[in-house]
């Protein structure tokens, strides 16, 4: 699976949109982009995933560039509860689906 | 809706003692099941996965083993724990057949070896 690069940390003001970047320049045509987050001492929480089209759900939006070499996770109105480590993962859609977690981005939402 | 349960939430064990962590999933049939470990300050590492009863695949060599005695039950075991087995153990499930379906994690067991 392709590797991803994320900034180690970023701050966001409460109520503002948080835009989390991820580079995956070696992504293959059959690899999906997944986003998870992990709040301290909890298990990772699935946020969203996509192949090439932009996706939106109740938690966030995922914007994937046309060349698929990078993506952005958007939290539209960040709250203090969004403080967490956010992981961008790419993987091939297969029968069992190994996830490879990197270091992620520590996002701190401040009042 | 589907739910995943892990227990215990925390565990302190002496070196050389046995281990049994249990994970169960409700609300789905024949899920793919996974055990991950997160060492302090590090990312998650896949240990085992299972696509059906009695079918276990190991990703890394270690003194841990996994079993799937029932469709929605996944157990992580060890006969003799090592200090290096300390960490945060997470169970996850995904719908059968894989594809792009995401994995969903439990709340984990924090294991400390003394």
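Some notes on this structure:
- Failed criterion for residue A:99 (all others in (1) touching a residue at least 24 places away in the same chain (Cβ under 8 Å); (2) surrounded by 14 or more Cβ atoms within 10 Å (Cβ to Cβ); (3) not in a loop (DSSP other than H, G, I, E, B) hold): (3)
- Residue count for the range B:63-74, restricted to those that are more than 13 Å from residue B:36 (Cα to Cα) and assigned to a strand (DSSP E or B): 5
- Residues of the range B:64-86 that are touching a helix residue (DSSP H, G or I) at 6+ places or on another chain (Cβ under 8 Å) and without any contact (Cβ under 8 Å) to a residue 60 or more places away in the chain: B:64 alone.
- Residue within the range B:87-103 that is in contact with a helix residue (DSSP H, G or I) (Cβ under 9 Å, 6 or more places away or on another chain), under 25 Å from residue A:90 (Cα atoms), within 12 Å of chain A (Cβ to nearest Cβ) and surrounded by 15 or more Cβ atoms within 10 Å (Cβ to Cβ) present: no
- Residues satisfying the stated conditions in the range B:40-56, i.e. more than 12 Å from the chain's Cα centre (by Cα), surrounded by 13 or more Cβ atoms within 10 Å (Cβ to Cβ) and within 12 Å of another protein chain (Cβ to nearest Cβ): B:43, B:51, B:52
- Candidate set from the range B:72-86 (those that are more than 17 Å from residue B:10 (Cα to Cα) and buried (at least 17 other Cβ atoms within 10 Å of the Cβ)); member that is farthest from the other protein chains (Cβ to nearest Cβ): B:72
- The range A:59-69, residues that are within 14 Å of chain B (Cβ to nearest Cβ) and either within 21 Å of residue A:14 (Cα to Cα) or not in a strand (DSSP E or B) (or both): A:59, A:60, A:62
- Members of the range A:70-111 that are closer than 16 Å to residue A:42 by Cβ and at the interface with chain B (Cβ under 10 Å from one of its Cβ atoms): A:85, A:87, A:101, A:104
- Top-ranked residue in the range A:11-45 [being touching a strand residue (DSSP E or B) at 6+ places or on another chain (Cβ under 6 Å) and facing another protein chain (nearest Cβ under 9 Å); ranked as surrounded by the most Cβ atoms within 10 Å (Cβ to Cβ)]: A:44
- Residue identified as more than 10 Å from chain A (Cβ to nearest Cβ), within 17 Å of residue A:100 (Cβ to Cβ) and either modelled with pLDDT under 95 or part of a loop (DSSP other than H, G, I, E, B) (or both) among B:60, B:15: B:60
The values are calculated or read from the model by the stated rules, or taken from the named source; none is laboratory data. Computed from a predicted structure; not experimentally measured. In this analysis, Cβ positions are derived from the backbone assuming ideal geometry, glycine residues included, and neighbour counts consider all displayed protein chains.
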